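Below is one structure, written out as structure tokens; the observations come after it.
Every read-out reported here was derived from the displayed coordinates using simple, explicitly stated rules and does not represent laboratory data. Computed from a prediction, not measured in an experiment: that's the story for all the values here. Because the Cβ atoms are built from the backbone with ideal geometry, glycine has one as well, and the counts that use them run over all protein chains shown.
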Amino acid sequence: MDFAPHTEEEIRAMLGALGLERLEDLYAHLDHELLNPKITLPPPMHEDAVLRHVEALAKKNQPGRVFLGGGVRDHFIPAIVDELASRGEFLTAYTPYQAEASQGILQAIFEYQTMIAELTGLDVANASLYDGASALAEGVLLALRATRRMRVAVDRRVHPEYRQVLRTYLDAVGATLVETEGDEVPDGAGAVVAQYPDFLGEVRDLAPRAEAAHAKGALFVVATDPLAVALLKPPGAFGADVAVGEGQPLGNPMQLGGPHFGFIAVRGKLLRQLPGRLAGLTTDHAGRRGFVLALSAREQHIRRAKAKSNITTNSQNMALRAAIALSALGPEGLKEMALATAANARRLYQLLLEAPGVRPLTRPPFFAEFALILSKNPEEVRRKLAERGFHGAYPIPEYGEHAALFAATERLTEDEIEAFARAFWEVV
Amino acid sequence: MNVPSDRRYRDTHEWAKLEDGLVVVGITDYAQSELGDVVYVEQPELGREVEAGEAVAVIESVKTASDIYAPVSGEIVAVNDALAEHPEKVNEDPYGEGWLFKIKPKDPAELEALLDAEAYKKLLAAEG
């Protein structure tokens, strides 16, 4: 079918039905300045001059080593990830889900799902979601659908930004959110949410929380760290029904906060409540192995308003990067990476605590991140560290006026950790 | 299309039949042929109180997924567990082994308000 724009006649008929005269009347309620913003641009520049200009802008970036936490970290990315993920077949394909044309990408999704299911200790994962925060919101909505309840209990040590996003989603469906501490589960909750390791980095045994949630008929939703669970007991093993998280630490650069990807995995009995795309393994008419999109009837293009979620896509290229990174590292490599991360974080913690007036907020055991109480404004500490070429001290005012988050990864050398500690001692 | 006269119908293509004081619910022959091969039935949980006209189950076919509405108000007291393994029974025997669930009706008179076989046949003729 050809692309056929509306004719003048059709436009007039539609405007007539709306009781309007001109197309502009549709936007009459908008601020004129917003609709027609004045854009002050410099005069045109020569291509070479633009290049120089942009290079000068790029030099303003402060590369430096990263000691910031918050779920996004600077982990090693094997070179094969860029090489494979940037191939045109993967990178430029748009909604490449036709089984007859896209076996490669469908298989990659299937492998990714399998790895996420293994990491989280659950039965099935989808093709990915947007990021950690929206994955948590989808996980909670899923639990509310399954329990037919409208109340959510969220641990105060869940990432504050995740809680904010969750609130936005819950407001839209009319569900209520209560913040909790410890293993107490309020009556009537359909979803009980905790983070593992929690936002302050601590690793706690959440089995009692899972038990308490189940005893009250709720599902247990755990936001987790995909690298931490390579080392720790996975959420599925301590009673989580749903595991979600930010996938960036697997094969994806920090890239100023995004794009990243979110992951979600669930117990088999919740399979039909999963939102979004799901690749499945099947056989064709000749009995040969093949991959297809599975269980699409849950989704918006079929179920319309009654779909399990309004998500119609996934963060395919970022999830693909994770699948390639996991394949390149292998289970042992991933575990070594996680161990080196935890060892570096522990070393950093000890060194930073040597500064006078600095107290721990996080107690061991922790994984890659921990929080400290500084003796002065953490924003000022962060700025002074940046002047010295380090990114560190992420202020977390909700947990204390002088509270700040720190992180280490396996990429840091002993020298770099010590250099950061010396800079920290100077500025606190 | 087969429309047995021993039961009542909703205009959304469910049938309802009183058996031993319980209302057995399924979908009509017309509904199963429109849906195509049924691959999954999402059943309501036992003990759930439902209102007449409320969406209580979902039938998924290779083509689509459709809500199933309760023909009468009451409590869900049984679901057809056999469909978990053999959803194709809905296609093969929609008025028999392919039944979906049973409701203990609040008011059996609600059944009388539904379409009889003749009225349902007329509806099908009109939908053509």
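Beyond 19 Å between alpha-carbons counts as too far, so tell me which of B:Lys63/B:Lys122; A:Lys306/B:Lys106; A:Lys269/A:Lys308; A:Lys308/B:Lys89; A:Lys269/B:Lys89; A:Lys216/B:Lys106 fall in that bin.
Working: B:Lys63/B:Lys122 26 Å; A:Lys306/B:Lys106 28 Å; A:Lys269/A:Lys308 15 Å; A:Lys308/B:Lys89 26 Å; A:Lys269/B:Lys89 22 Å; A:Lys216/B:Lys106 29 Å.
Listed pairs above 19 Å: B:Lys63/B:Lys122; A:Lys306/B:Lys106; A:Lys308/B:Lys89; A:Lys269/B:Lys89; A:Lys216/B:Lys106.
A:Asp48 to B:Leu46: FRET efficiency via 1/(1 + (r/R0)^6), r the Cβ-Cβ distance, R0 60 Å, to the nearest 0.05? It would help to have the intermediate numbers written out before the result.
Working: r = 75 Å, r/R0 = 1.24.
In this case the efficiency is close to 0.20.
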Item to complete: Could you line up B:Lys17, A:Lys233 from fewest to most neighbouring Cβ atoms inside 10 Å?
Response: A:Lys233, B:Lys17
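Sorting A:Asp225, A:Asp31, B:Asp67 on the 10 Å Cβ count, fewest up front, what's the list?
Working: A:Asp225 26, A:Asp31 9, B:Asp67 14.
Least to most surrounded, the residues fall as A:Asp31, B:Asp67, A:Asp225.
To the nearest µm²/s, what D does Stokes-Einstein give for the stretch B:10-105 at 10 °C and 1.306 mPa s, using the Kirkwood radius over alpha carbon pairs as Rh? Please report the intermediate quantities before stating the final value.
Numbers: Rh = 12.9 Å.
The diffusion coefficient I find is 123 µm²/s.
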Worksheet item: What residues have an amide H closer than 5 Å to that of A:Leu122, excluding those fewer than 5 places away on the same chain, when H is modeled at 1.01 Å from N in the peptide plane?
Response: A:Gly236
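Any number yet on Rg/Rh for the stretch A:79-323, C-alpha, Kirkwood? Mind showing how you got there, number by number?
Details: Rg = 17.6 Å, Rh = 18.2 Å.
With Rh from the inverse mean 1/r over Cα pairs, Rg/Rh is 0.97.
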Item to complete: Percent of Cα-Cα pairs per 10 Å bin, from 0 to the last occupied bin, for the protein assembly as shown, please list those.
Response: 3, 14, 20, 21, 19, 12, 7, 3, 1
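Hydropathy first: keep DSSP H helices in chain A averaging at least -0.5 on Kyte-Doolittle, then drop any whose Cα extent along the axis falls short of 24 Å, and list what survives. Don't jump to the answer; show the numbers that get you there.
Numbers: long enough: A:103-120 (25 Å, 0.49); A:316-352 (39 Å, 0.35).
What comes out of the filter, once short or polar helices are dropped, is A:103-120, A:316-352.
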Worksheet entry | Mean ellipticity per residue at 222 nm, deg cm²/dmol - from DSSP H runs of n ≥ 4 across the protein assembly as shown, formula -39500 (n - 2.57) | -10000 deg cm²/dmol
Worksheet item: Counting only residues 5 or more places away or on other chains, whose amide H sits under 5 Å from the amide H of A:Leu219 once H atoms are built in the peptide plane?
Response: A:Ala191, A:Val192
Worksheet item: Put a dot 7 Å past each Cα toward the Cβ at B:Glu34 and A:Thr7; how far apart are the dots in nm?
Response: 3.5
Worksheet item: Going by how many other beta carbons lie within 10 Å of each one, how would you line up B:Leu46, A:Leu320, fewest first?
Response: B:Leu46, A:Leu320
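With r defined as the distance between the Cβ atoms of A:Glu398 and A:Lys60 and R0 fixed at 30 Å, what FRET efficiency is calculated, to the nearest 0.05? Display every interim value, and only then the final one.
Working: r = 31 Å, r/R0 = 1.03.
E(calc), rounded to 0.05, equals 0.45.
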Discussion item. Please list, ordered by chain and number, the residues whose modelled amide H lies under 5 Å from the amide H of A:Ile396; skip anything fewer than 5 residues away on the same chain.
Written reply: A:Ala403, A:Ala404, A:Leu405
Fill in: Karplus 3J(HN,Hα) series, Hz, for the stretch B:68-78 with 6.51 cos²θ - 1.76 cosθ + 1.60 (x for Gly, Pro)
10, 9, 5, x, 9, 7, x, 10, 6, 10, 7
Worksheet item: Roughly how many nanometres apart are two label points built 7 Å out from the Cα toward the Cβ at A:Ala215 and A:Arg363?
Response: 2.3
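How high is the relative contact order of the stretch A:79-323, given as a whole-number percent (alpha carbon pairs under 8 Å, six or more residues apart)? All intermediate terms of the calculation are to be shown ahead of the outcome.
Details: 516 pairs, mean separation 66.6, N = 245.
So the answer I get is 27 percent.
Net charge within 15 Å of B:Ala84 by Cβ-Cβ distance, Lys/Arg positive one each and Asp/Glu negative one each, not counting B:Ala84 itself?
Result for the neighbourhood of B:Ala84: -4.
Can you give the relative contact order of chain B as a percent, counting alpha carbon pairs under 8 Å and 6+ residues apart? Don't skip to the end; give the middle numbers.
Values: 281 pairs, mean separation 39.3, N = 128.
Normalised by residue count, the contact order of chain B is 31 percent.
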Practice prompt. Count charges around A:Ala85 for me, please; just the other residues with Cβ under 15 Å from its Cβ, Lys/Arg as +1, Asp/Glu as -1.
Written response: -2
